1. Could you check how many residues of the range 209-252 are open to solvent by 50 Å² or more (accessible area, probe 1.4 Å), touching a Gly at 6+ places or on another chain (Cβ under 8 Å) and part of a helix (DSSP H, G or I)?
2. Is it the case, given these coordinates, that G387 is crowded, with 19+ Cβ neighbours inside 10 Å and at pLDDT 95 or above?
3. Only one of these is open to solvent by 70 Å² or more (accessible area, probe 1.4 Å), over 30 Å from F262 (Cβ atoms) and touching a Phe, Trp or Tyr at 6+ places or on another chain (Cβ under 7 Å): D371, D366. Name it.
4. Based on what the data block shows, is C140 out of contact with any helix residue (DSSP H, G or I) (no Cβ under 6 Å at 6 or more places or on another chain) and under 26 Å from T350 (Cβ atoms)?
5. What are the pairs with Cβ atoms under 6 angstrom where one residue, in the range 273-296, is under 25 Å from R251 (Cα atoms) and assigned by the TED database to the domain that holds G98 and the other, located anywhere, is part of a helix (DSSP H, G or I) and open to solvent by less than 10 Å² (accessible area, probe 1.4 Å)? Sequence gap at least six, or different chains.
6. Could you check the range 99-196 for helices (runs of 4 or more DSSP H) lying wholly inside it with 3 or more residues that are open to solvent by less than 10 Å² (accessible area, probe 1.4 Å) and closer than 17 Å to C223 by Cβ?
7. Consider E69 against the criteria (1) modelled with pLDDT of 95 or more; (2) at negative phi: it satisfies all of them except one. Which criterion is unmet?
8. Among L278, L282, L309, which is in a helix (DSSP H, G or I), more than 16 Å from G81 (Cα to Cα), at pLDDT 95 or above and touching a Cys at 6+ places or on another chain (Cβ under 9 Å)?
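The values are calculated or read from the model by the stated rules, or taken from the named source; none is laboratory data. Because the structure is a prediction, the values reported are computed rather than measured. We place every Cβ from the backbone using ideal geometry, glycine too, and count neighbours over all the protein chains shown. The area values use the complete protein model at the heavy-atom level, side chains included, leaving out ligands, DNA and RNA. Shrake-Rupley method; radii C 1.70, N 1.55, O 1.52, S 1.80 Å.
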Amino acid sequence: QTHFVSLSLQAKMSRPVQARRLEGTDKNIWVEFVKLAATYSKVNLGQGFPDFPPPDFLKESFVRALSGENHMLHQYTRAFGHPPLVKILAQFFGKLLGRDLDPMTNVMVTVGAYQALFCCFQALVDEGDEVIIIEPFFDCYEPMVKMAGGMPVFVPLRPKAPKDGKLMSSADWQLDPAELASKFSERTKAIVLNSPNNPLGKVFSREELELIADLCVKHDVLCLSDEVYEWLVYDGKEHIRIASLRGMWDRTVIIGSAGKTFSATGWKVGWTVGPNRLLQHLRTVHQNSVYHCATIAQEAVAQGFQRELELYGKPDSYFVQLPKELQQKRDWLVQSLDAVGMKPIIPEGTYFLVADISKFKSDVPDVPDSDEPYDSRFAKWMVKNKGLAAIPLSAFYSGAHKNNYNHFIRFCFAKEEATLKAANDILQKWKQEKTSP
């Protein structure tokens, strides 16, 4: 008996079980805030998903695929993308980029844009490679670069105050050209570009994209272009694809998402578009991780794109209708935040709007020497005490810069009218409580 006990004690592992590449990447803002929202929120404007349904034509395509005669849609399909989907994506993006795309080598389907990003970093970033990330950034870029052995190098968008008391726009947040140039070196392997940008809603201008493109060409750097919000652009702005600029097709991987394109985030259908010299390496990671993506969802998305190709640029196109609807929702939320003194930064694109909470700081006292950024404490207090969920902007900054922009929170406005109205009611009531003696 005693002999057995001592053996089992010896058998306990004393060396660390986790791989070194996981060090420092275990915290995740979404895990924490999604749980808080589920527990406390009456109105959730936190995580970025619509609470309205995808368009009828897309749901009908899914139902047809599910219940139709073609029972092979319930089985495996081609690993790198269901043939009908890669064909239509090659046609569609070929039209947008003005080039002939081969569906088999220039397109790869992934489990959402999230897995597309993972494939990019794993396939293209080596131990010690530097990857430039523009702040604020979608938070997974940093841990994914680190897990690939790379070194994230951050460069911030710097806000310029607008003139004559106007509300700030996401266009007022800009790169400093000299600062950006200083981040490129012989160690730089890639830059991650996210336009329209989550969380700010910034749509990079042609001039800004040319600045980035020139540096990529000069230093022979890759560009990972996260364009999941490509159709969600407002006020007549134009989404410019960096791969269409001179010298960029050969060094760019474009990342897209059916979740954001068709308001179906739970389907997890994403894609990469780019030259075969880059995509062949993404395919290697893909075939050794998820292998392939859900066949039926790919079939339905293929039919959605088929419809959109036929209606391209016409008023009936979902890609024309959705941004119109979202622009209205954005304007409602801008008005309701502005009315209570939570200063919104007007986004040019995406689902998101960042607001300045400075005027509400008196409700949530500062804790001196706290490790936690102020906006994070504020957002937690707001969901617990007011039932309104949002995400702190500091979640989109690296450790070194978390406290520089800690008086902003991000709201998602891709919501039903009733949801936005309920959020407005909470804000109005809160303002009355603040002003009443």
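1. 2
2. Here the answer is no, as G387 does not meet what is asked.
3. Values: D371 fails: touching a Phe, Trp or Tyr at 6+ places or on another chain (Cβ under 7 Å).
The unique qualifying residue is D366.
4. Numbers: out of contact with any helix residue (DSSP H, G or I) (no Cβ under 6 Å at 6 or more places or on another chain): yes; under 26 Å from T350 (Cβ atoms): yes.
Against the criterion (out of contact with any helix residue (DSSP H, G or I) (no Cβ under 6 Å at 6 or more places or on another chain) and under 26 Å from T350 (Cβ atoms)), C140 qualifies.
5. From the range 273-296, the pairs are V273/F93; L282/C119; V285/C119; H286/C119.
6. On the way: elements: 112-124, 141-147, 177-182.
Those helices (runs of 4 or more DSSP H) span 112-124.
7. (1)
8. Details: L282 fails: more than 16 Å from G81 (Cα to Cα); L309 fails: touching a Cys at 6+ places or on another chain (Cβ under 9 Å).
Just a single option satisfies the conditions, and that option is L278.
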